[in-house]
Amino acid sequence: MLALVAALLCQVATAQTSQMQHWPEIDTYVNLNSRTRASFFAARTDDGLTPESIQIGPNLDIFLKPFLRKRLRTNNVAAQKYLMFRVGYRYGTGPDQPTEQRPIVEVTPRFPLPAEMLMSVRNRADLRWIDGKFSWRYRPRVMLERSMTLSRVSVTPYVRGELFYDSRYEMWNQNAYCLGATFSVRRYLDIEPFYEHRNNSRSSPAHINAFGLTLSFYLRTNAQRN
């Protein structure tokens, strides 16, 4: 983590075409049963649109086989599963920008590591219709995380890196590096502050430094309450 922080600071110091942004996000999850979960996503982001744009949309998650013991102390049940499949949809819009319709498909295996660490390897495909024109992206992402307890609050710091292949340019045109932590402050609420540095060879500005805050709400069905 220290090495990654140093590298990011060097990139920020030398970038001549960088921009600072803020990315708030709210996610709501409902566990339908032990193997499926529905969720809804709403965020401000520059992912394919302008910083003033928003993206919203639902997801359906399917889990396979839990770990023998709990690795991460968060409200996110996906962190305790070896494999997760996700299908979802994103709608993006912004001032003076074309709208985007984006079905997504994800497969995320997780691997327990020594020292109670967990590695996730997410493989995501974006099917994009921007102003009626179709393109696609492939987005592999690797994430390392570990839980600890601070003053009775479960904290899960993480580091992750992501690459983007865009069919419009037939090249890997983006990469992103992120440092963050998830604070489980209630049984139904996780708070996740993070910092992300993103490089894009096909946009202006070419470098984004973003501070984000994600609020994740975990709701239970009546059957689960009973």
Proxy exposure order for H207, H22 (fewest C-beta within 10 Å first) is H22, H207
Just subtract the alpha-carbon distance of N33 and S203 from 0.36 nm times their residue separation and send over the number in nm, one decimal. 57.0 nm
Under 8 Å for C-alpha pairs, at least 6 residues apart: give me the relative contact order for the chain, rounded to a whole percent. 19 percent
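Give the residue list of GluC sites (Glu not before Pro) in segment 134-193 that are DSSP loop and have at most 14 other beta-carbon atoms within 10 angstrom.
In loop regions of segment 134-193 (DSSP not H, G, I, E or B), the sparsely surrounded GluC sites (Glu not before Pro) are E170.
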Tell me the Kirkwood hydrodynamic radius of the chain in angstroms, computed as one over the mean inverse distance between distinct C-alpha pairs. 18.6 Å
Helix 2-14: inclination vs the chain longest Cα principal axis, degrees, rounded to 10, gives 20 degrees
Sorting R152, R160 on the 10 Å Cβ count, fewest up front, what's the list? R152, R160
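Please figure out what share of the DSSP beta bridges in segment 21-225 is antiparallel and state it in percent, rounded to the nearest 5. Numbers along the way, then the final one.
Details: 103 of 114 bridges.
Rounded to the nearest five, the antiparallel share is 90 percent.
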Of R124, R71, R168, which has the largest mean-square fluctuation in a 10 Å C-alpha GNM of the chain? R168
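Quick note: the coordinates plus some simple rules give every number you see, no bench work behind them. Everything quoted here is computed from the prediction, not taken from an experiment. Cβ sites come from the backbone with ideal geometry, for glycine too, and all protein chains shown count toward neighbours.
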